[in-house]
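The values are calculated or read from the model by the stated rules, or taken from the named source; none is laboratory data. As the structure is a prediction and not an experimental result, all values here were calculated from the model. Here the Cβ positions follow ideal geometry from the backbone for every residue, glycine too, while neighbour counts run over all protein chains shown.
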Amino acid sequence: MNVFKQEFHMKIKSIIIWSISLAALMIFYMSFFPYMEQDSETLDSIMNSFPKEMMQALGVRAGLSLGSLMGFFTLTFTIMQIAIAIQSANYGFSILSEEERELTADFLMTKPVSRKKIYLSKFFAALLGLLITFLAVGIGSLIALKLFNGGSNYEVSHVFKLLISVPLFQLTFLSIGMFISLLFKKIRSVLSLSMSLAIGLYVISSVGEIIDSDILRYMTPFHYFEAGVILKTGEYDIQLFLIAVSVIIVSLVSSYLLYNRRDIHSL
Amino acid sequence: MGIIETNNLTKYYGKSLGIKDLCLEVEEGEIFGFIGPNGAGKSTTIRLLLSLIYPTSGQVKLFGKDIKKYGPEVRKDIGYLPSEIFYYDKMKVIDLLKYSESFYRKDCTKRMKELADIMELDLGRRIEDLSYGNKKKVGIVQGLLHEPELIILDEPTGGLDPLMQQKFFNLIREENEKGATIFFSSHILGEIQALCNRVAIIRDGSIIETADIKTLKENNYKKICIIGDNLKTEIFDIDGVTKLTKEDYGFRFFYKGDINPIIKAISDIKIRDINIEEPTLEEIFMHYYE
C-alpha cells in the first residue's frame, strides 16, 4: 500500500485541479444553452449553411441539432472527452517514467519491493485518480443538465449510459500512455506527449468522419465512445467496446512485461 | 557462504560493454573495497547487484540466494547509498525517511533519530531546499535506518566535508563491527585504504586484481619529483626507484619501499625543491600492468 499511497499523494493536486476544472467547465459551457435554444431556428439555419463535413468534424453528426439540448450537450461532452483523454494519457505517460526521469527510481527499486508491485500500485493510484475525475465530470454534467436544460426534456438513461462509458475511455488512454512510455529510454515532456496523443487521435477521428473512412475510425478511441451516438441511441456498440477492451489488455500486459525487464539507468 | 557472489556476470549496453565475466566473492563481515577509474564498470556492477539493471549473462547470488528469484526478499537486508542522490523534491526529510521505513517490516524510528543526530541532519526541512552535502546525509540515513546486513556504497563521500566523512566512516565501521558486510565502491584510493580489508580493482569491465589491503599498502608507491641544478643520475640508483625520467628542471620517478633510504640519498645533495605525492590510481594501475 505504501507505494500506492505515495503515488496517489504525488498526484492528488493534479487530480483535484483536473476534477474541479472539468466539472466547472461543463457547467460553464452548458450555461449558454438556454440562450442557444432561444435562437435555435436561426442557429439551425446557420448550421445548415455550413458544409456537412465541418459539422461532422465538430462532433455534431448524429443528426442532433446544436439548438437542441442533446446536440449542445454532445458538443460540450466531446470537448470534455478531449480533456479527459489528455489527463488519462498524461498519467499513463508519467506513472512509470517519472521515477526514472527524476532519478528517484534508484531509491524506490532498491527497496524490498518487486517491479510487479510497483507497477500495480502506480496503475491503481492513477486509476483511482481518474475515477475521481470521472465522478466530478459525471456530477458536473448532471448538475449542468438539471440547471440549464432550457425546459427541454432529455433521456436521463442515455446520459447515464454515456457517463458510464467514461472510465473505459480513460483506461484506454491510460494504458496506451503507459505502453508508449516504456518504448522510450527517457520521456522528457509528458504534457506535450499526452496532448499530441489525445488531440492527434481526435483529429484522426474527425478526419475519419469527414472522408468517411472506417480504417481511420477504428484507429481512434474517440470513435469507440462517440458521445452523439450513445446519447441518441442509448446503446453501446459492443463491437467497438470489445476493441477498446482488447487495446487496454494488450497495452497493460505488454507494458507490464516491458517494465519487469527494464534497465533503470543512472545519470 | 559468500554474501555477494557473482558468476561470469556480463552486461552489454547494446553493443558497448559494461562488464564482462565478472566473478566476485565477498565474505560475511568484510569491508570490501571496489576501486577503479570512472567508467570501469563499478556502477554497472552495483546496479546489477540491486536488480536496477539485468545482466546479459551470468548470475548474482546475495546471501546465497539467486536475485532473479528472490530480489525483493534479499533487498530487505540491503542498505544502498547511491553516488548521486535524488529524492522526491516536495517531500520533507522526515517524510522520505518514513516512506523508506515503510518498506521494512520493523520500527526504525529510534535508529532513524540516532543516525540523524550523528549526521546532524534537520528532519523538518524540505528536500528541495537541501544542499548537495545534506542530501547525501539523507541518503546515508535512509540507507542505514533498517540496520541492513549488507551495505552497498557507491562513491558515498562526494559532497561531504572532511569532518562528516570521518563521522560517516566511523558509522560504517560500527555497522561492520555489529556484523554488517560492506561493499564500498570508490575511485579514491585513500578512502579504500582507510576502511577496507580487501579490495578488487576493476578496469574496462574486468577485475584485474583482488588483494588484501595490506598487499596494496606494501605496494605503496610514491611519486617523487626533485627540482635542482646539475643533478646526477647515479644518486637515484637505489632499489625501488622506477621510471626515472630526466626533465629540464630535474628528475621524476616512482619509488616503492622503505621511504628512509631515498630521503637519506636526497639529503646528501643540494636541491631547490621536492615534491612527494601519492600516485594517481591510473599510475598504480600502470604498475599492475607491468
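If I filter the range A:89-115 down to residues being more than 10 Å from chain B (Cβ to nearest Cβ) and part of a loop (DSSP other than H, G, I, E, B), which single residue comes out as surrounded by the fewest Cβ atoms within 10 Å (Cβ to Cβ)?
Selected residue: A:97.
Select from the range B:2-50 the residues that are touching a Pro at 6+ places or on another chain (Cβ under 7 Å) and away from chain A (no Cβ under 12 Å) and write down the one among them that is surrounded by the most Cβ atoms within 10 Å (Cβ to Cβ).
Looking at the filtered set, the residue picked out is B:9.
Read through the list (1) more than 14 Å from chain B (Cβ to nearest Cβ); (2) closer than 28 Å to residue B:136 by Cβ; (3) in contact with a Phe, Trp or Tyr (Cβ under 6 Å, 6 or more places away or on another chain), then give the number of the only condition that residue A:126 fails.
(2)
Restricting to the range B:55-111, and then to whatever is surrounded by 17 or more Cβ atoms within 10 Å (Cβ to Cβ), of a type in the set (Phe, Trp, Tyr) and not in a loop (DSSP other than H, G, I, E, B), can you tell me which residue is farthest from the other protein chains (Cβ to nearest Cβ)?
In this case the residue turns out to be B:99.
May I ask you to verify whether residue A:56 is surrounded by fewer than 21 Cβ atoms within 10 Å (Cβ to Cβ) and either at pLDDT 95 or above or of a type outside the set (A, V, I, L, M, F, W, C) (or both)?
The answer is yes for residue A:56.
Is it true that some residue in the range A:120-143 is at pLDDT below 95 and among the aromatic types (Phe, Trp, Tyr)?
No, that holds for no residue.
Within the range B:80-113, take every residue that is at pLDDT 90 or above and under 25 Å from the mean Cα position of the chain (by Cα) and give me the one that is nearest to residue B:165 (Cα to Cα).
B:81
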